[in-house]
Amino acid sequence: IVLPVSLYTEWYWKVDLHNLMGFLSLRTDAHAQQEIQQYAGKVLELATPVAPTAFDAWEANRKRWAKFAAWEEEQE
């Protein structure tokens, strides 16, 4: 289980888009730790070419939600 520093590990993982976007929503948030934000950014870079339409819609939805939240705060 413990590998020497000179060896790399390789892994394969599968995830559906719904759970991937949930992970990215949490981990790309400004409140997440810097290290996980960087990791999520790289995952987003790799996943976007696989499903560009889905990620375009996800980004548009995130921006719209952020604007709605800002508008909601102004009303209070």
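The values are calculated or read from the model by the stated rules, or taken from the named source; none is laboratory data. Here the structure is a predicted model, which means the values were calculated and not measured. Cβ placement follows ideal geometry from the backbone for every residue including glycine, while neighbour counts extend to all protein chains displayed. Surface accessibility is based on the protein's heavy atoms, side chains included, excluding ligands, DNA and RNA. Shrake-Rupley method; radii C 1.70, N 1.55, O 1.52, S 1.80 Å.
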Legend entry - Simple spin-label estimate for Thr53 and His31 in nanometres, 7 Å along Cα-Cβ: 3.4 nm
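What's the extension gain from Asn61 to Glu10 if we count 0.36 nm per residue and subtract their Cα-Cα distance?
Result: 15.0 nm gained on full extension.
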Inset, instruction - Sort Asp16, Asp56 from largest to smallest accessible area, using a 1.4 Å probe on the heavy atoms of the protein chains. - result: Asp56, Asp16
